[in-house]
Amino acid sequence: MGGGDYSAHAVRALLVALAVHNAYQIRTFAIRIYGMVIHEFDPWFNFRATEYLATHGWREFFRWFDHRAWYPLGRPVGTTIYPGMQ
């Protein structure tokens, strides 16, 4: 076993750790800058909303009450979404 195997694994582990760190920093950027408030540009909500729209159609989308957003109150998506956001 040569030293090359160890250094290759170390470089790979370092790159994975750097990717995880960067992903965490990107996801928490708005919290660091603006604090813990609800933002209309939350990418996870927009992703779920797009999935719901594609699956159920626009009529059900505008009647959708999302219990997972704005926890614990929920969110009436049809009356609180900005046009063109999806």
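Kindly establish whether Val20 is modelled with pLDDT of 85 or more, open to solvent by less than 100 Å² (accessible area, probe 1.4 Å) and more than 15 Å from the chain's Cα centre (by Cα).
The answer is no for Val20.
Those residues that are open to solvent by less than 60 Å² (accessible area, probe 1.4 Å) and among the hydrophobic types (A, V, I, L, M, F, W, C), I need them from the range 1-12; list them, please.
Ala8, Ala10
Looking at (1) more than 17 Å from the chain's Cα centre (by Cα); (2) not in a loop (DSSP other than H, G, I, E, B), which is the one condition that is false for Arg63?
Going through (1) more than 17 Å from the chain's Cα centre (by Cα); (2) not in a loop (DSSP other than H, G, I, E, B) one by one, Arg63 breaks only (2).
What are the pairs with Cβ atoms under 8 angstrom where one residue, in the range 59-77, is more than 16 Å from Asp42 (Cβ to Cβ) and the other, located anywhere, is basic (Lys, Arg)? Sequence gap at least six, or different chains.
Once the first residue is more than 16 Å from Asp42 (Cβ to Cβ) and sits in the range 59-77, its partners that are basic (Lys, Arg) give Phe65/Arg75.
Go over the candidates Phe61, Phe29, Phe65 one by one and state the one that is modelled with pLDDT of 85 or more, in contact with a helix residue (DSSP H, G or I) (Cβ under 6 Å, 6 or more places away or on another chain) and surrounded by 10 or more Cβ atoms within 10 Å (Cβ to Cβ).
Exactly one of Phe61, Phe29, Phe65 is modelled with pLDDT of 85 or more, in contact with a helix residue (DSSP H, G or I) (Cβ under 6 Å, 6 or more places away or on another chain) and surrounded by 10 or more Cβ atoms within 10 Å (Cβ to Cβ), namely Phe61.
Among the residues of the range 33-51, is there at least one that is at pLDDT 90 or above and either surrounded by 11 or more Cβ atoms within 10 Å (Cβ to Cβ) or part of a helix (DSSP H, G or I) (or both)?
Checking the range 33-51: at least one residue is at pLDDT 90 or above and either surrounded by 11 or more Cβ atoms within 10 Å (Cβ to Cβ) or part of a helix (DSSP H, G or I) (or both).
The values are calculated or read from the model by the stated rules, or taken from the named source; none is laboratory data. These figures come from a predicted structure and were not determined experimentally. For neighbour counting, all protein chains shown are included, and Cβ atoms are generated from backbone atoms with ideal geometry for every residue, glycine included. For the accessible areas, the whole protein counts, side chains as well, though only heavy atoms, and no ligand, DNA or RNA atoms are used. Shrake-Rupley method; radii C 1.70, N 1.55, O 1.52, S 1.80 Å.
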